Amino acid sequence: MTETVAHRSGSAALTIRAYRPTDHRECRQLWAEMTEEHEGSADPGALFEEYLTRLDLSGMWVADVGGTVVGMVGLLLDGRGGAVEPLVVSSARRGEGIGRALLEHVADQARRRALGRLTISPAARNLDAIRCLHAAGYDALARVTLAIDLRGRGGTWQDGIDLHELRFKY
């Protein structure tokens with residue numbers, strides 16, 4: 001069953017619908033944009049193919065404005081809960097409520113699957129995403145992932161987050 005949910009984004013109609021194979025090129029491009037912003041890679045879209053084959057992928061939806069895919073969200077099963085991965089909106093369309101519409105849709109889908117919780121793991125340095133997610137109701141810390149910089153590139157981290165009276169870079 002393909003479900004379509006209409007929203008308003010700026011002056012254009014926004015449709016949230018299930019991913020279709022014909023969306024592959026645009027979604028791979030969104031994946032590449034996300035990867036380049038956060039990780040850097042020789043072929044930033046390559047992991048999209050691997051993502052599509054995940055056994056824990058419960059669903060994937062796209063944000064469509066005027067026939068163009070401008071965002072996507074996926075729902076991974078995680079025990080009795082779910083994980084939002086990925087959530088990406090084209091950089092040209094951020095700030096229009098598209099991410100919020102995708103988050104609402106994936107939360108509705110998680111409820112329909114009777115999942116007990118929904119998590120999302122933004123990069124710690126992506127303050128815009130963290131603020132957006134907090135405003136959307138993601139205000140409980142479910143898990144903390146810590147990293148050690150094995151390449152000695154200390155300049156890529158910023159100082160400034162305290163958690164449980166400990167200082168962390170992000």
Do we find that residue 76 is closer than 18 Å to residue 135 by Cβ and of a type outside the set (D, E, K, R) in this structure? no
Please find, among 59, 66, 71, 82, the residue that is touching a residue at least 40 places away in the same chain (Cβ under 8 Å) and surrounded by 20 or more Cβ atoms within 10 Å (Cβ to Cβ). 71
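Only one residue in 95, 160 is at positive phi, outside any helix (DSSP H, G or I), open to solvent by less than 50 Å² (accessible area, probe 1.4 Å) and out of contact with any Cys (no Cβ under 6 Å at 6 or more places or on another chain). Which one? I'd like the intermediate steps shown before the answer.
Numbers: 95 fails: open to solvent by less than 50 Å² (accessible area, probe 1.4 Å).
Result: 160 is the single residue among 95, 160 that is at positive phi, outside any helix (DSSP H, G or I), open to solvent by less than 50 Å² (accessible area, probe 1.4 Å) and out of contact with any Cys (no Cβ under 6 Å at 6 or more places or on another chain).
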How many residues are outside any helix (DSSP H, G or I) and over 18 Å from residue 86 (Cα atoms) if we restrict to the stretch 145-157? 9
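Just the residues that are open to solvent by less than 60 Å² (accessible area, probe 1.4 Å) and more than 22 Å from residue 104 (Cα to Cα), please, taken from the stretch 138-155. Outline the logic, then answer.
We begin by selecting, within the stretch 138-155, every residue open to solvent by less than 60 Å² (accessible area, probe 1.4 Å); these are 138, 149, 154.
Residues satisfying the conditions are 149, 154.
To keep it simple, each residue is scored yes or no on (1) modelled with pLDDT under 95; (2) open to solvent by less than 40 Å² (accessible area, probe 1.4 Å); (3) more than 24 Å from residue 138 (Cβ to Cβ); (4) assigned to a strand (DSSP E or B).
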{"site": "2", "(1), (2), (3), (4)": "yes, no, yes, no"}
{"site": "41", "(1), (2), (3), (4)": "yes, no, yes, no"}
{"site": "45", "(1), (2), (3), (4)": "yes, yes, yes, no"}
{"site": "102", "(1), (2), (3), (4)": "no, yes, no, no"}
{"site": "106", "(1), (2), (3), (4)": "no, yes, no, no"}
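Can you find even one residue in the stretch 73-80 that is at positive phi, of a type outside the set (D, E, K, R) and at pLDDT below 95?
The initial filter retains those residues of the stretch 73-80 that are at positive phi, namely 79.
With of a type outside the set (D, E, K, R) added as a condition, the list becomes 79.
Still in the list and also at pLDDT below 95: 79.
Scanning the stretch 73-80, I find at least one residue that is at positive phi, of a type outside the set (D, E, K, R) and at pLDDT below 95, so the answer is yes.
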Kindly indicate the residue of the stretch 108-137 that is out of contact with any strand residue (DSSP E or B) (no Cβ under 6 Å at 6 or more places or on another chain), of a type outside the set (D, E, K, R) and in a loop (DSSP other than H, G, I, E, B) and also surrounded by the fewest Cβ atoms within 10 Å (Cβ to Cβ) among those meeting that condition. 114
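The values are calculated or read from the model by the stated rules, or taken from the named source; none is laboratory data. These figures come from a predicted structure and were not determined experimentally. Neighbour counts run over all protein chains shown; Cβ positions are idealised from the backbone, glycine included. Protein only, heavy atoms only, side chains kept; ligands, DNA and RNA dropped before computing areas. Shrake-Rupley method; radii C 1.70, N 1.55, O 1.52, S 1.80 Å.
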